[in-house]
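Asker: Let me give you the structure first, and then I'll get to my questions.
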Amino acid sequence: MSPGKYDVEVSKRGFSKIRQWVLLEEQNLKVEVELEPAYFIGKRFQSELSSGGLGPKMVAVGAGSFTMGNNQRRLASPAHRVNVEEDFAISIYEVTFAEYDRFAEATGSAKPSDAGWGRGDRPVVNVSWRDAQKYVKWLSKESGKQYRLASEAEWEYAARGGNSHQYWWASSDARGKANCRRGCSSEFTKLFSISTAPVGHYQANPFGLFDTAGNVAEWVEDCYQAGYDPAKTTSAPVKISGCQLHTVRGGSMRDSSNKISSDYRKGLNETALTKDVGIRVVMELDQ
């Protein structure tokens with residue numbers, strides 16, 4: 001290379017890149033740089049979007065293993081050990097109307113109804129599994145990162161927040177912990193009236209995630225099956241040819257507290273639009 005001033009960028013997968021000006025003179029030049037990991041467990045971040053602005057707030061969650069399911073629930077049994085093989089990032093909050101509306105405006109998609117509860121920082125509702133797929137595809141294109149829905153195993157692993165109890169707060173007493181119809185003493189939902197709460201209104205779980213119990217249930221990637229195959233020990237999503245039913249996790253403000261536990265699950269048609277189901281996203285981390 002000829003002597004002169006060069007703008008040099010050093011990058012490696014899984015590490016933050018460094019860019020700096022280097023002056024090259026007549027003699028050989030050796031410059032040492034130390035790259036820092038792009039992510040560490042517990043790191044919070046937002047991806048820059050090519051059209052401007054930022055994506056959902058994310059937190060990095062470390063790989064590990066846990067007991068998935070509950071032998072006391074027919075549709076969530078048998079309880080079995082699952083390995084989450086890779087670190088991943090998951091959205092701290094349920095995707096809000098503000099975030100989803102931006103996608104809708106950018107792509108010409110229809111804006112879903114807010115059921116009269118308000119938009120902004122309320123969790124988006126009335127979105128199908130197919131809508132969720134379009135949203136994560138758009139996020140991926142805008143950010144250059146790989147966004148997707150969580151697998152069911154990743155979702156439960158993150159929702160449990162590192163503990164083995166049905167609820168991340170350990171006890172079965174949900175009062176003041178979540179937005180649900182019965183057993184939560186919610187200011188947003190009563191026996192004969194329901195509404196969503198703004199995201200983040202209640203306490204976060206030990207991994208820093210809000211509203212994994214109640215508020216709105218959340219689509220995951222998996223095809224729905226009644227119960228688990230105990231031989232499946234990986235966190236990969238369940239895929240079935242011709243699948244139309246997909247799993248929904250977390251319970252919602254429509255449910256009683258016994259249905260907002262970390263193990264509660266149900267299936268919905270991928271085209272279903274309901275006012276108690278929304279979206280939480282995952283981003284794959286460079287390894």
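None of the figures in this text is laboratory data; all of them are computed from the coordinates on show. Please read these numbers as outputs of a predicted model, since none were measured by experiment. FYI the Cβ positions are ideal-geometry reconstructions off the backbone, even for glycines, and counts take in every protein chain you see.
Asker: Contour minus end-to-end for GLU34 and GLN244, with contour as 0.36 nm per residue of separation and end-to-end as the Cα-Cα distance?
Answerer: Fully extending the segment from GLU34 to GLN244 adds 70.8 nm.
Asker: Taking the beta-carbon count within 10 Å as an exposure proxy, list TRP168, TRP219, TRP138, TRP21 from fewest neighbours to most.
Answerer: Listed from fewest to most nearby Cβ atoms, that is TRP21, TRP138, TRP168, TRP219.
Asker: Could you give the spread of the C-alpha atoms of region 45-110 along their three principal axes, from largest to smallest, in whole angstroms?
Answerer: 45, 27, 16
Asker: Please report, in whole Å³, the volume per residue of the convex hull around the C-alpha atoms of the chain.
Answerer: Considering the Cα atoms of the chain, their hull volume per residue is 154 Å³.
Asker: Of VAL248, VAL216, how do they rank once you tally other Cβ atoms within 10 Å and put the fewest first?
Answerer: If I rank by nearby Cβ atoms, fewest first, I get VAL248, VAL216.
Asker: With springs connecting C-alpha atoms under 10 Å apart, model the chain as a Gaussian network and identify which of SER185, SER171, SER113 has the largest mean-square fluctuation.
Answerer: SER171
Asker: Now for a different question. Give me, ordered by chain and number, the residues 5 or more places off LYS275 or on other chains with an amide H under 5 Å from its own placed amide H.
Answerer: Hits under the 5 Å cutoff: ASN126.
Asker: Ignoring trypsin sites (Lys or Arg not before Pro) that are buried or in helix or strand per DSSP, and keeping those with at most 12 other beta carbon atoms within 10 Å, what is the longest stretch of the chain between them?
Answerer: It works out to 31-174.
Asker: Report the extension gain between LEU23 and LYS5 in nm, rounded to one decimal, defined as 0.36 nm multiplied by the number of residues separating them, less their alpha carbon distance.
Answerer: 6.0 nm
Asker: Another question about this same structure. Going by a ≥ b ≥ c, the root eigenvalues of the Cα gyration tensor, does region 144-211 fall in the rounded group (a/c under 1.5), the prolate group (a/b larger than b/c) or the oblate group?
Answerer: oblate
Asker: When the helix-only estimate is applied to the chain (DSSP H runs of n ≥ 4, each -39,500 (n - 2.57), divided by the residue count), what is the mean residue ellipticity at 222 nm, nearest 500 deg cm²/dmol?
Answerer: -4000 deg cm²/dmol
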